Amino acid sequence: MANKYDEAFEKSIRDPEAFWAEAAEDCHWYKKWDKVLDDSNKPFYRWFTGGELNTCYNALDYHVDNGRGDQPALIYDSPVTDTIKKYTYTELRDEVAKFAGVLAAQGVVKGDRVLIYMPMIAEAAIAMLACARLGAVHSVVFGGFAAKELATRIEDAEPKVMVSASCGIEVKKVIAYKPLLDEAISISASKPEKCIIIQRHKETASMIDGRDIDWNEAMTEAKPHDCVPVAATDPLYILYTSGTTGQPKGVIRDNGGHVVALKWSMKAVYNMDAGDVYWAASDVGWVVGHSYIVYAPLFKGCTTILFEGKPVGTPDAGVFWRIISEHKVNALFTAPTAFRAIKRDDPEGEFIKKYDLSDFRTLFLAGERSDPDTIQWSEKNLNVPVIDHWWQTETGWAICANCMGLHHFPVKYGSPTKPVPGWNVQVVDPECNQMKAGDTGALVVKLPLPPGTLPTLYKNDQRFRESYLDEFPGYFKTADAGFIDEDGYVYVMSRTDDIINVAGHRLSTGAMEEVLSDHPDVAECAVLGVADKLKGQIPAGFIVLKAGVTRSNDEIISEVIKMVRDRIGPVAAFKTAAVVKRLPKTRSGKILRGTIQKIADNKEFKVPATIDDPTILEEMEDALTAIGYAKGRE
Ligand code: COA
Ligand code: AMP
């Protein structure tokens, strides 16, 4: 007999309009849609055209109006400032309405962009929801990016207002945000009219007269603003993500499809009901933070946790268990790297034993491939199902998962299980022919993508087509490679482009190469991801110096490392580089990245038939060994 997953999956593919119309009935609409799926402009698809709603209403007011006003909506837990603050649905709605009033007083209206550059404090979520309340489009930029990266995003999004804080706190380090913000604005051709700054106790930002506004002062004077109805197809946010160049891609999310898909996913994927406590230990600057710290748990009427800390060091590897126990968390979602950090510091799980985790039901992992060791350690020590699931900034929610609210399939280590209903995942060869079970190829999704996914890239339909649609006509290219086994389990093995995943953070090696190439002594370079026990991958740079350069290699290496930190940010974790005489290339001049990567990771490799000079590989191996890779690896 078919289980609930099979039934839902089959219906979602056979009749997507009926499937998603039913899910949409669970959301609040000022005006119902005219068309569930609008395919009048293929390959661009739109969901719920003609419909009108407000995302913030669905996240907050809806629950206040339906008797959930006194339930905690958001718990801010910050071991780095020793603070726990709880907001009920009514309190959060009121704060958000007030901040919407602050933005409106600065002239922000529907369609205007607001850029949010904030640490993990409740005000970050409040600012996002306030934008949604007004129909303004937020663009949140992760705090670990440098001023130059922030400037690129300001220039593209052209925000009317920016919202930031005086500082972020990274374990014990206080990172002043305001100088980065000021520098970014000075570099960018587009300038915001106003900056609203929250002054934190650990750092006071200097304010620019006439441009900068103090968050707290503005809030005391603010008039609450009501929800503004928007079209289902209007943008809710732009989230920039790494592409293959230094120019990030502005992923757009619409309002209608997003509410429908995310609310539905809370039960289907995570098995969460209203009133449950859900914790995504990520950052609001990433897609996981948008979807599962802020929006989805609130759409569902859950309590969401906003955590300002790290899995280890704030104060120790027991902080996750303290939070789960103290706030009665039912499901945790984080990146495998966080668990590798905990496992490293507490291999026997001693901290786990100190806490009552009886409310904890499921651990979800995503953001990078989950290594079987980490999953098994977590299963053994936590005694709950550990669910790997696969998704991307572009998709906004899971493509493949073990859908805990539909049917719990047996886990196969190394696989995020099966396509989630709505996702017609296939494996194809370069000519777009479907491959047979077990054979590795490009992982693609048959169009149309389900609701909640990117309709296009901000101001760039052309790049959207080129990046995702042109290579495999009729399909969305995920840029991940993998296979589907005989039982329909999907395996995601590697990226097909130059994106790497460092501690669950998505980074472009192409962008790092652009920085290295700007060094006056560098003739040529390559950056690639090499295996790292904690972070999964870290970037390693190889540089060939210009003829006649006589300065010491160490000096040049420390300069390029500093350049990447200054131009991309500390989050790039670019700390390893080597000077080499030449880079291995094919006869047509393509750098053999895959081969270098295998040498670095001390894996077996075949000397490529197309290589111009195989002796370079030995030089490469020596260079890698000297910096602790290749034969230097255990
Ligand atoms: N603002 C400013 N700087 C930041 C930052 C932020 N929001 N986030 C990270 N950084 C800095 C860090 O301080 C560090 O700087 P350093 O080079 O001076 O030490 C650098 O960026 C790299 O940070 P990170 O990748 O977090 O490494 P780490 O060594 O500090 O911590 C882990 C390692 C595994 C504990 C940490 O990466 C982690 O918690 N990962 C989970 C990731 C996650 O949740 N991803 C979301 C996807 S679901
Ligand atoms: P991001 O856009 O930052 O969410 O990164 C998306 C990329 O992370 C994907 O394209 C994958 O390469 C990788 N990724 C995310 N989740 C998984 C997973 N569960 N298994 C394997 N890779 C994953």
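The values are calculated or read from the model by the stated rules, or taken from the named source; none is laboratory data. Note that the structure is predicted; figures quoted are calculated from it, not measured. Here the Cβ is made from the backbone with ideal geometry for all residues, glycine too, and neighbour counts use every protein chain on show. Heavy atoms of the whole protein, side chains included, go into the accessibility calculation; ligands, DNA and RNA do not. Shrake-Rupley method; radii C 1.70, N 1.55, O 1.52, S 1.80 Å.
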Practice task
Could you calculate the FRET efficiency of Arg551 with Lys32 from 1/(1 + (r/R0)^6), where r is the beta carbon distance between them and R0 is 51 Å, rounded to 0.05?
Solution key: 0.15
Problem - Solvent accessible area, Å² - Ser40, 1.4 Å probe, full protein context - result: 100
Practice task
Quantify, in whole percent, the carbon and sulfur part of the accessible surface of the chain (1.4 Å probe; protein heavy atoms only).
Solution key: 49
Exercise for the section: Would you list, by chain and number, the lysines whose Cα falls below 17 Å from the Cα of Lys418, excluding same-chain residues fewer than 8 positions away? Expected result: Lys4, Lys11, Lys267, Lys436, Lys446
Fill in the blank from the handout: By the C-alpha gyration tensor axes a ≥ b ≥ c (rounded if a/c is under 1.5, else prolate when a/b exceeds b/c, else oblate), the shape of region 503-632 is oblate
Exercise for the section: Return P(r) of region 138-237 (all Cα-Cα pairs; 5 Å bins starting at 0; whole %; ordered from short to long distances). Expected result: 2, 11, 20, 22, 19, 13, 9, 2, 1
Completion exercise
In whole angstrom, the spacing between the Cα centers of region 530-589 and region 374-417 equals 35
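Suppose a student asked you for the relative contact order of region 503-632, using Cα pairs under 8 Å spaced at least 6 residues apart; what percent would you report? All intermediate terms of the calculation are to be shown ahead of the outcome.
Numbers: 197 pairs, mean separation 27.0, N = 130.
Result for region 503-632 is 21 percent.
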Exercise for the section: Check each of the chymotrypsin sites (Phe, Trp or Tyr not before Pro) in region 1-47 and keep only those in coil by DSSP with at most 16 other C-beta atoms within 10 angstrom; list them in order. Expected result: Tyr30
Practice task
Take every DSSP beta bridge whose two residues both sit in region 185-254, then give the antiparallel share in percent to the nearest 5.
Solution key: 70
Exercise for the section: May I ask you to derive the relative contact order of the chain, considering only C-alpha pairs under 8 Å and at least 6 residues apart, and to give it as an integer percent? Expected result: 12
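Hey, what's the chain come to in accessible area per residue, 1.4 Å probe, Å²? Intermediate results must be reported in sequence, preceding the final value.
Details: 24270 Å² over 634 residues.
Ligands and nucleic acids excluded, the result is 38 Å² per residue.
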Problem - Cα centroid separation, region 263-295 to region 201-238 (Å) - result: 24
Practice task
Find how much the distance from Ser588 to Gln71 grows on full extension, using 0.36 nm per residue of separation minus their present alpha carbon separation; answer in nm with one decimal.
Solution key: 179.8 nm
Practice task
Sort out for me the Cα centre separation of region 150-184 from region 303-350, rounded to whole Å.
Solution key: 27
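Return a whole-number percent for the relative contact order of region 1-140, with Cα pairs under 8 Å and 6 or more residues apart as the contact set.
Numbers: 175 pairs, mean separation 23.5, N = 140.
Computed value for region 1-140: 17 percent relative contact order.
In region 1-54, which GluC sites (Glu not before Pro) are in a loop and have at most 12 other Cβ atoms within 10 Å, using DSSP for the loop call?
Numbers: sites: Glu7, Glu10, Glu17, Glu22, Glu25, Glu52; in loops: Glu25.
Qualifying residues, ordered by number: Glu25.
Kindly state, as a whole number, the per residue volume in cubic angstrom of the convex hull around the alpha carbon atoms of the chain.
Working: hull volume 100.3 nm³, N = 634.
Measuring per residue, one finds 158 Å³ for the Cα hull of the chain.
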Practice task
For region 80-176, please report how many Lys pairs fall under 20 Å Cα to Cα, leaving out neighbours fewer than 8 apart on the same chain.
Solution key: 6
Problem - Theoretical gain in end-to-end length, Val171 to Lys85 [0.36 nm per residue, Cα-Cα removed] - result: 29.1 nm
Fill in the blank from the handout: Ranking Lys585, Lys42, Lys35 from most to least accessible area with a 1.4 Å probe gives Lys42, Lys35, Lys585
Exercise for the section: Classify region 46-125 as rounded, prolate or oblate, taking a ≥ b ≥ c as the square roots of the eigenvalues of its Cα gyration tensor: rounded when a/c is under 1.5, otherwise prolate if a/b is larger than b/c and oblate if not. Expected result: oblate
Practice task
Run the 1.4 Å probe and let me know the accessible area of Val515, rounded to the nearest 10 Å².
Solution key: 10
Fill in the blank from the handout: Per-residue accessible area, 1.4 Å probe, largest first, puts Arg93, Arg133, Arg200, Arg587 in the order Arg587, Arg93, Arg200, Arg133
Handout entry: Restricting region 376-435 to chymotrypsin sites (Phe, Trp or Tyr not before Pro) in coil, as DSSP defines it, with at most 14 other Cβ within 10 Å
Key = Tyr413
Exercise for the section: Can you figure out the FRET efficiency of Glu7 with Thr244, using R₀ = 35 Å and their beta-carbon distance, to the nearest 0.05? Expected result: 0.35
Exercise for the section: Subtracting the Cα-Cα distance from 0.36 nm times the residue separation, let me have the gained length for Ser494 to Asp612 in nm, one decimal. Expected result: 39.9 nm
Exercise for the section: Could you compute the FRET efficiency for Ile187 and Gln376, with r as their C-beta to C-beta distance and R0 at 45 Å, rounded to 0.05? Expected result: 0.45
